[in-house]
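Have a look at the structure below, then the notes.
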Amino acid sequence: MLHLELRVPTPLTDQVVGLLCDDDTVTNVAVVPEAFRKPAGCLVLADVARENASVVVGRLKELGLEREGSIALLPLDTVLSDEADRAERAAPGAPDDGVVWDAVEQRLRSESRVTWVFLVFMTLAALIAGAGRILDQPILIVGAMVVGPEFSPIAAICFALARPRPALLPRAVLALVVGFGAAVAVSTAAWAVAYAAGAFSRHDASTGALTDFIVKPDGWSFVVACLAGVAGTVSLTTNKSGPLVGVFISITTIPAVGTAAVCLAAGVWSEVGSAVVQLGINVAGLVLAGTLTMVVQRAVWSRVGVPRSASGALRGARRGGSPTAR
């Protein structure tokens with residue numbers, strides 16, 4: 001279940017309450033008149049089944065509530081209520097499969113910004129990956145994969161293409177390019193100093209049986225990236241964080257960036273090209289698979305349908321009252 005917290009202008013209150021009360025997937029509806037002072041408005045609370053949350057929020061937005069009021073969606077980890085159970089049974093599909101597109105979009109917009117924190121994590125991940133290549137230590141490569149924040153802007157690109165959201169695409173691409181660029185620039189400078197100080201050699205930068213896969217892109221690189229893209233997208237859209245860790249350690253994006261930086265610093269030009277190709281293959285596979293997964297999810301949920309009472313609620317709300325009152 002998800003908790004709805006709405007600021008509703010007084011003239012819209014009856015329509016909003018009517019819409020919520022006549023939707024079988026919504027329960028625990030409460031109204032506090034004139035609860036808000038800045039801006040003024042009524043407080044409307046409700047719980048909605050996750051599977052139908054996108055539909056309910058969409059209908060609230062059709063009433064203009066997004067512009068004239070506010071809509072907040074909060075997760076509810078535990079709800080002990082027979083009425084809540086009934087609301088979930090009335091919703092199409094299963095709770096774990098539900099996709100709240102507005103929540104996904106807001107999360108991706110937030111996590112695909114170019115911020116200092118984003119750049120710091122990207123750079124640290126690249127440095128860890130570079131150390132893993134020099135020392136030929138896969139455990140460091142795995143650590144770098146987990147630290148790297150690059151999946152969020154990649155997922156934002158997928159979302160922008162699948163929904164579509166053209167305004168989100170430039171921001172996501174910019175975050176990815178700036179993030180990778182900053183990571184390479186800072187890491188190359190750091191490794192250049194280390195190379196000049198004799199901390200590692202050209203042989204160290206270009207040799208390592210356990211990490212050679214980074215500079216040997218092939219068809220399997222694309223296949224694994226596609227599979228990881230599907231898993232990551234499903235995990236992100238259904239709010240399941242566990243599988244994301246597996247996605248992070250399945251893709252060779254940050255390892256390729258870190259390896260490219262090490263090779264640039266040591267002058268191993270042949271492997272710079274291989275690392276860049278590996279990065280390109282992985283990003284392409286993630287974007288392709290992620291976009292197609294979101295398109296399929298959207299198509300499936302658009303065909304699952306919603307309870308008949310929800311359609312009646314929308315008609316009643318548009319007419320300015322509750323359908324049950326007619």
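Scanning region 132-153 for any residue that is within 16 Å of the chain's Cα centre (by Cα) and of a type in the set (Phe, Trp, Tyr) turns up at least one such residue.
Before we move on, is Ser81 polar (S, T, N, Q) and within 23 Å of the chain's Cα centre (by Cα)? Working first, answer last.
Details: polar (S, T, N, Q): yes; within 23 Å of the chain's Cα centre (by Cα): no.
When the stated conditions are applied, Ser81 does not pass them.
Counting the residues of region 6-31 that are surrounded by fewer than 22 Cβ atoms within 10 Å (Cβ to Cβ) and under 9 Å from Asp47 (Cα atoms) gives 2. Scanning region 107-146 for residues being without any contact (Cβ under 8 Å) to a residue 60 or more places away in the chain and outside any helix (DSSP H, G or I) gives a total of 1. If we keep just the residues of region 274-286 that are surrounded by 19 or more Cβ atoms within 10 Å (Cβ to Cβ) and within 18 Å of the chain's Cα centre (by Cα), which is nearest to Leu236 (Cα to Cα)? Ranking the qualifying residues of region 274-286, first place goes to Leu286.
Surrounded by 14 or more Cβ atoms within 10 Å (Cβ to Cβ), within 21 Å of Val31 (Cα to Cα), not small (Gly, Ala, Ser) and not assigned by TED's automatic domain parsing to the domain that holds Val173: is that true of Glu68 in this structure?
It is true that Glu68 is surrounded by 14 or more Cβ atoms within 10 Å (Cβ to Cβ), within 21 Å of Val31 (Cα to Cα), not small (Gly, Ala, Ser) and not assigned by TED's automatic domain parsing to the domain that holds Val173.
Which of the residues belonging to region 207-236 are outside any helix (DSSP H, G or I), in contact (Cβ under 8 Å) with a residue 40 or more places away in the chain and out of contact with any Asp or Glu (no Cβ under 6 Å at 6 or more places or on another chain)? Write out each step before concluding.
Restricting attention to region 207-236, the residues satisfying the condition of being outside any helix (DSSP H, G or I) are 207-211, 216-218.
Still in the list and also in contact (Cβ under 8 Å) with a residue 40 or more places away in the chain: 207-211, 216-217.
Within region 207-236, Thr207, Ala209, Lys216, Pro217 qualify.
In the set Leu60, Leu6, Leu43, which member is in a strand (DSSP E or B) and under 26 Å from the mean Cα position of the chain (by Cα)? Break it down stepwise before answering.
Working: Leu60 fails: in a strand (DSSP E or B); Leu43 fails: under 26 Å from the mean Cα position of the chain (by Cα).
Of the residues listed, the single one that is in a strand (DSSP E or B) and under 26 Å from the mean Cα position of the chain (by Cα) is Leu6.
You will find that of Ala313, Ala299, the residue that is on the phi < 0 side of the Ramachandran plot, modelled with pLDDT under 95 and touching a strand residue (DSSP E or B) at 6+ places or on another chain (Cβ under 9 Å) is Ala313 and no other. Kindly check whether there is at least one residue in region 112-132 that is basic (Lys, Arg) and touching a helix residue (DSSP H, G or I) at 6+ places or on another chain (Cβ under 7 Å). Checked region 112-132: at least one residue is basic (Lys, Arg) and touching a helix residue (DSSP H, G or I) at 6+ places or on another chain (Cβ under 7 Å).
Tell me yes or no: at least one residue of region 198-206 is among the hydroxyl-bearing types (Ser, Thr, Tyr), part of a loop (DSSP other than H, G, I, E, B) and assigned by TED's automatic domain parsing to the domain that holds Ile281. Checked region 198-206: at least one residue is among the hydroxyl-bearing types (Ser, Thr, Tyr), part of a loop (DSSP other than H, G, I, E, B) and assigned by TED's automatic domain parsing to the domain that holds Ile281. Filtering region 163-178 to residues that are more than 13 Å from the chain's Cα centre (by Cα), in a helix (DSSP H, G or I) and touching a residue at least 40 places away in the same chain (Cβ under 8 Å) leaves Arg171, Leu174, Ala175, Leu176, Val178.
The values are calculated or read from the model by the stated rules, or taken from the named source; none is laboratory data. What you see is a predicted model, and the numbers here were worked out from it, not measured in a lab. Cβ coordinates were reconstructed from backbone atoms using ideal geometry, including for glycine residues, and neighbour counts include every protein chain displayed.
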